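See structure below.
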Amino acid sequence: MLKQLDISNYETYVILGNNDDEKLAKRKVIINISLRFLEKNNACRNDNLEETICYSKLLKFVDEKLKNADFNLIEKAAQFLYDEISAYLNDETILKRVTVTKSSPPVENLENASFTCSDWI
């Protein structure tokens, strides 16, 4: 049985852009994180927060890591978050998928652009 935690459409702000004009102010990004548990997730049975990943704590960690970050590309932002979350979890039995979406990039008729780093297809 697949057990997966999905954190969807978390909005935060980061310095992101390929030129100085884009980097004048922090830009809104949308973050999606999925965690797949390869081993048992006891919280499914015992309803104990200590037996799983607290998404509130994980998102506070993400915000702390992004607070002073500066990226040219969403590719780098996604890889950075993937690496930081991997280190934070420190558990090879949890697969990760991290998607960073740049909201309203400066391209005509483009609403969003996303990049994903993942342990699975």
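The values are calculated or read from the model by the stated rules, or taken from the named source; none is laboratory data. Because the structure is a prediction, the values reported are computed rather than measured. A quick note on method: Cβ atoms are made from the backbone with ideal geometry, for glycine too, and the neighbour counts reach across all protein chains shown.
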Q) Looking at the range 41-79, which of its residues are over 14 Å from Glu11 (Cα atoms), without any contact (Cβ under 8 Å) to a residue 12 or more places away in the chain and among the basic types (Lys, Arg)? A) Arg45, Lys57, Lys76
(Q) Among the residues of the range 19-41, what is the count of those that are more than 21 Å from Val98 (Cα to Cα) and exposed (fewer than 13 other Cβ atoms within 10 Å of the Cβ)? (A) 6
**Q.** Which listed residue is in a strand (DSSP E or B), at pLDDT 95 or above and of a type in the set (D, E, K, R), from Lys60, Lys96
**A.** Lys96
(Q) Condition first: touching a helix residue (DSSP H, G or I) at 6+ places or on another chain (Cβ under 6 Å) and modelled with pLDDT of 90 or more. Can you find one or more residues in the range 23-31 that meet it? (A) no
**Q.** Candidate set: the range 89-121, residues that are surrounded by 13 or more Cβ atoms within 10 Å (Cβ to Cβ) and without any contact (Cβ under 8 Å) to a residue 12 or more places away in the chain; chosen: the one nearest to Lys40 (Cα to Cα)
**A.** Asp91
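Here is a check on your reading of the model: is Lys40 within 26 Å of Asn112 (Cβ to Cβ) and either assigned to a helix (DSSP H, G or I) or more than 14 Å from the chain's Cα centre (by Cα) (or both)?
Working: within 26 Å of Asn112 (Cβ to Cβ): no; either assigned to a helix (DSSP H, G or I) or more than 14 Å from the chain's Cα centre (by Cα) (or both): yes.
No; evaluated as a whole, the condition is false for this residue.
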(Q) Quick test of your reading of the structure: Lys60 fulfils all but one of (1) closer than 19 Å to Lys28 by Cα; (2) of a type outside the set (S, T, N, Q); (3) in contact with a strand residue (DSSP E or B) (Cβ under 9 Å, 6 or more places away or on another chain). Name the failing condition by number. (A) (3)
Q: Please give the number of the condition Ser86 fails out of (1) outside any helix (DSSP H, G or I); (2) among the small types (Gly, Ala, Ser); (3) surrounded by 14 or more Cβ atoms within 10 Å (Cβ to Cβ).
A: (1)
Q. When you look at Ser8, is it loosely packed, with under 14 Cβ neighbours inside 10 Å, polar (S, T, N, Q), under 23 Å from Tyr88 (Cα atoms) and in contact (Cβ under 8 Å) with a residue 24 or more places away in the chain, yes or no?
A. yes
